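What follows is one structure encoded as structure tokens, with my remarks underneath.
The values are calculated or read from the model by the stated rules, or taken from the named source; none is laboratory data. All of these numbers come straight from a predicted model, not from anything done at the bench. Cβ coordinates were reconstructed from backbone atoms using ideal geometry, including for glycine residues, and neighbour counts include every protein chain displayed. Note: accessible area is taken over every heavy atom of the protein model, side chains too, but ligands, DNA and RNA are not part of it. Shrake-Rupley method; radii C 1.70, N 1.55, O 1.52, S 1.80 Å.
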Amino acid sequence: MLMAHPVVLQNLIEQYETLRMLHAESGGTEVRQRMDDLAYTLCVSTGTRDVDAALIAARHRLPGARVEDDSALTAGAGTPGG
């Protein structure tokens, strides 16, 4: 699998999170479409199928990420460890 450059991943994360806040406040169709496009790009860039998993995977690939801390990966799973 090709790996996206960390700068690209950081940019995608920032854009997605900014638009998520805008969508929560104003909810326009253009914002929603751009969010969907960014979610797709994040998923393709990280080899995932879900935007939440893509955001976690992208953050783990950024410089300074603590890869041993996977608490965000299991936080919503319902049972410890998955």
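Which residues, counting only those in segment 1-11, are loosely packed, with under 12 Cβ neighbours inside 10 Å and closer than 19 Å to Asp50 by Cβ? Working first, answer last.
Restricting attention to segment 1-11, the residues satisfying the condition of being loosely packed, with under 12 Cβ neighbours inside 10 Å are 1-3, 5, 7.
Scanning segment 1-11 gives Met1, Met3.
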Where a residue in segment 12-37 is open to solvent by 70 Å² or more (accessible area, probe 1.4 Å) and its partner, wherever it lies, is not hydrophobic (A, V, I, L, M, F, W, C), with Cβ under 7 Å and at least six apart: Arg32/His23
Selection within segment 24-52 - modelled with pLDDT of 90 or more and either in contact with a Cys (Cβ under 8 Å, 6 or more places away or on another chain) or part of a loop (DSSP other than H, G, I, E, B) (or both): Gly47, Thr48, Arg49, Asp50, Val51
Restricting segment 47-62 to residues that are aliphatic (A, V, I, L, M) and under 16 Å from Pro6 (Cα atoms), the residue that is surrounded by the most Cβ atoms within 10 Å (Cβ to Cβ): Ala54
